[in-house]
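Contents: one structure, followed by commentary.
The values are calculated or read from the model by the stated rules, or taken from the named source; none is laboratory data. It should be emphasised that the depicted structure is a prediction, and the values quoted were computed from it without experimental measurement. A quick note on method: Cβ atoms are made from the backbone with ideal geometry, for glycine too, and the neighbour counts reach across all protein chains shown. Remember, those area values only see protein heavy atoms, side chains included, never the ligands or the DNA or RNA. Shrake-Rupley method; radii C 1.70, N 1.55, O 1.52, S 1.80 Å.
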Amino acid sequence: TGIVVLAIDYNSRVGVDIEEISPRILRVREKFLSDEELILIPEDDLRMHTIAWTAKEALFKAIPESGIDFAQDLHLNFPIGKEFTASESRSDKARLYNLLTIDNNTDYITTIATEQNKK
């Protein structure tokens, strides 16, 4: 793809994901979206599904715990879009994250996750 993303935050863990927009994401939506998220994201909206997927992948990469279930442990706060927040419930810390989505109306979506209030 020839795309490179570099994200540095000297105060918190960072996760980054980039994904090509593709209909295949709709086949796995039940595996990475919670019941509430399944209702809030229109079933045929490829761009929103890709934003949700990159957000959860970026969160997964930023969280130090293992055994993360994308649908049950990673929670997107709606509305999702260019800037939004999310949380995790895998750890006892229930960390909050800021998410930044880069969507230049190309075939790719990039999302960067950084932990909130980490100094």
| query | Within the set of pairs 6+ apart or on separate chains, which have a first residue in region 82-106 that is in contact (Cβ under 8 Å) with a residue 60 or more places away in the chain, a second that is assigned to a loop (DSSP other than H, G, I, E, B) and open to solvent by 60 Å² or more (accessible area, probe 1.4 Å), and C-beta atoms under 8 Å apart? | reply | none
| query | Got a sec? Which of 114, 85, 101, 110 is out of contact with any Asp or Glu (no Cβ under 9 Å at 6 or more places or on another chain) and not small (Gly, Ala, Ser)? | reply | 85
| field | Segments classed as helices (runs of 4 or more DSSP H), wholly inside region 34-109, with at least 2 members that are modelled with pLDDT of 95 or more, closer than 30 Å to residue 2 by Cβ and not β-branched (Val, Ile, Thr) | value | 46-62
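If we scan region 5-25, do we find a residue that is of a type in the set (A, V, I, L, M, F, W, C), in a helix (DSSP H, G or I), touching a Lys or Arg at 6+ places or on another chain (Cβ under 6 Å) and modelled with pLDDT of 95 or more?
Within region 5-25, not a single residue is of a type in the set (A, V, I, L, M, F, W, C), in a helix (DSSP H, G or I), touching a Lys or Arg at 6+ places or on another chain (Cβ under 6 Å) and modelled with pLDDT of 95 or more.
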| remark: Subset of region 81-114, residues closer than 18 Å to residue 51 by Cα and among the acidic types (Asp, Glu), comes to 83, 88, 103, 107
| message | Here are the criteria: (1) in contact with a strand residue (DSSP E or B) (Cβ under 9 Å, 6 or more places away or on another chain); (2) touching a residue at least 12 places away in the same chain (Cβ under 8 Å); (3) of a type in the set (Asp, Glu). Tell me which single one residue 43 does not satisfy. | response | (1)
| task | Read through the list (1) open to solvent by 40 Å² or more (accessible area, probe 1.4 Å); (2) more than 17 Å from residue 58 (Cα to Cα); (3) among the aliphatic types (A, V, I, L, M), then give the number of the only condition that residue 41 fails. | result | (1)
